[in-house]
Amino acid sequence: MFDEFLASVRVLQEAGKLRAVLFQYPPWFGCERKHVDILKRTREWMEDLPVALEFRHQTWFAPEYREKT
């Protein structure tokens with residue numbers, strides 16, 4: 001299924017109609033090692049496609065994580 005998604009998004013990219021693929025994360029998706037690992041895998045899966053992330057858990061914006069986020 002993911003390969004089909006990538007193929008459909010590539011069509012948009014090739015047509016110049018893709019700015020980014022948005023990944024929205026739920027409020028319980030905090031800044032934890034396991035979630036950072038998910039983000040890294042997602043980046044790999046999306047290959048060279050532009051990716052945008054939307055975080056809803058405030059830990060991503062804490063002063064100690066802000067720059068890394």
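Just checking, how many residues over region 10-25 are under 14 Å from the mean Cα position of the chain (by Cα) and either exposed (fewer than 14 other Cβ atoms within 10 Å of the Cβ) or part of a helix (DSSP H, G or I) (or both)?
Looking only at that region, the number is 4.
Could you tell me which residue of region 26-54 is surrounded by the fewest Cβ atoms within 10 Å (Cβ to Cβ), considering only residues that are aromatic (Phe, Trp, Tyr) and at pLDDT 95 or above?
In this case the residue turns out to be TRP28.
When both residues are 6+ apart or on different chains and their Cβ atoms are under 6 Å apart, which pairs have a first residue that lies in region 23-51 and is under 26 Å from SER8 (Cβ atoms), and a second that is basic (Lys, Arg) and surrounded by 10 or more Cβ atoms within 10 Å (Cβ to Cβ)?
none
If you take the residues in region 26-43 that are assigned to a helix (DSSP H, G or I) and touching a Phe, Trp or Tyr at 6+ places or on another chain (Cβ under 7 Å), which one is farthest from ALA62 (Cα to Cα)?
Within region 26-43, the match that is farthest from ALA62 (Cα to Cα) is THR42.
Please state which one of ARG33, ARG56, ARG43 is closer than 18 Å to PHE2 by Cα and among the charged types (D, E, K, R).
ARG43
Only one of these is of a type in the set (Val, Ile, Thr) and either loosely packed, with under 10 Cβ neighbours inside 10 Å or in contact with a helix residue (DSSP H, G or I) (Cβ under 6 Å, 6 or more places away or on another chain) (or both): THR69, THR59. Name it.
It is THR69.
The values are calculated or read from the model by the stated rules, or taken from the named source; none is laboratory data. None of these values were measured; they are calculated from a predicted model. Cβ atoms come from the backbone with ideal geometry, glycine included; neighbour counts cover every protein chain shown.
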